[in-house]
Amino acid sequence: IGAGLPRTGTASLKSAFEILGFGECLHMETLFNNPQLVDYWVTFFNTGTTDFAALFDGFQSTSDFPGALLYRELLEQYPDVRVVLGVRDPEEWYESARRTVFAFTPQTFSQKLKLLPRKLKSQRFRNIAKTLRLVEVYLWKGFFEGQFLDKAQAIERFQRFNEEVRQYVPADQLLEYRISDGWEPLCSFLDVPIPEQPIPHRNQRAQFIAQLTKMMSSGN
């Protein structure tokens with residue numbers, strides 16, 4: 001389980017898990033192409049459980065939202081799982097999240113209205129909108145209680161979440177990690193050999209904004 005919140009290196013960790021041989025990793029970006037999975041996550045958020053076999057069919061790991069928010073329930077379901085907590089300077093994390101994931105999540109009525117013509121014309125865009133709705137409801141309105149733009153409160157919630165992970169996950173099953181730490185601590189923790197290729201660095205801010213802008217404008 002990659003338990004770090006969005007913008008803590010979660011896409012890079014997804015790629016790292018896959019390079020290390022743990023199969024495909026279920027990340028928020030996965031949902032854009034697999035909208036049927038959103039319903040399993042909604043059930044999971046609302047009830048604390050879901051059809052795990054269906055949700056994780058073809059996946060051996062998860063990173064980023066939505067799985068990170070449900071690390072406790074996932075740990076109860078899979079008690080021997082290893083948990084990687086992505087960490088980052090709180091100020092840097094906030095600015096990155098505000099300018100990327102938050103900025104591209106339609107939340108106001110006018111923002112949603114602007115997307116309506118594209119949703120009516122494109123199944124692909126309806127899939128994107130379904131995932132973004134999940135982000136709006138359970139991340140921005142749920143986890144951050146609709147107060148993400150209050151920087152102090154958002155950072156406090158970010159830090160409190162990290163501390164909750166530290167307190168809840170058994171120490172021998174938890175690794176606090178930054179992608180800049182490289183392969184060694186991650187591979188040691190997961191008990192796998194260090195690959196020859198460099199560790200991936202994905203979704204840096206400019207790259208993320210370019211990808212989301214293209215997706216929101218074209219649906220691709």
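The values are calculated or read from the model by the stated rules, or taken from the named source; none is laboratory data. Note that the structure is a prediction, hence the values are computed from the model and not measured. Counting neighbours? That spans all protein chains shown, and the Cβs are built from the backbone with ideal geometry, glycine included. The accessibility values were calculated without ligands, DNA or RNA, using every heavy atom of the protein model including side chains. Shrake-Rupley method; radii C 1.70, N 1.55, O 1.52, S 1.80 Å.
Data overview
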item	result
The range 109-120, subset modelled with pLDDT under 60 and surrounded by fewer than 15 Cβ atoms within 10 Å (Cβ to Cβ), residue nearest to Asn34 (Cα to Cα)	Leu120
The range 133-173, subset in a loop (DSSP other than H, G, I, E, B) and on the phi < 0 side of the Ramachandran plot, residue most open to solvent (accessible area, probe 1.4 Å)	Leu149
Qualifying positions in the range 58-95 - of a type in the set (S, T, N, Q) and either under 14 Å from the mean Cα position of the chain (by Cα) or under 16 Å from Glu24 (Cα atoms) (or both)	Gln60, Ser61, Thr62, Ser63
Conditions (1) modelled with pLDDT of 95 or more; (2) closer than 18 Å to Gly21 by Cβ; (3) exposed (fewer than 14 other Cβ atoms within 10 Å of the Cβ): number failed by Leu186	(3)
Tally of residues being farther than 20 Å from Val135 by Cβ and either part of a helix (DSSP H, G or I) or without any contact (Cβ under 8 Å) to a residue 24 or more places away in the chain (or both) across the range 32-71	5
Count of the range 25-57 residues which are of a type outside the set (Gly, Ala, Ser), touching a Phe, Trp or Tyr at 6+ places or on another chain (Cβ under 7 Å) and at pLDDT 95 or above	6
Cβ-Cβ under 8 Å pairs, at least 6 apart or on other chains, the range 4-22 side open to solvent by 30 Å² or more (accessible area, probe 1.4 Å), far side outside any helix (DSSP H, G or I) and among the aliphatic types (A, V, I, L, M)	Gly21/Val192
Selection within the range 76-93 - part of a loop (DSSP other than H, G, I, E, B) and either open to solvent by 90 Å² or more (accessible area, probe 1.4 Å) or farther than 15 Å from Arg157 by Cα (or both)	Tyr78, Pro79, Asp80, Val81, Arg82
Residue in the range 16-31 that is of a type in the set (Phe, Trp, Tyr) and in contact with a helix residue (DSSP H, G or I) (Cβ under 6 Å, 6 or more places away or on another chain) present	no
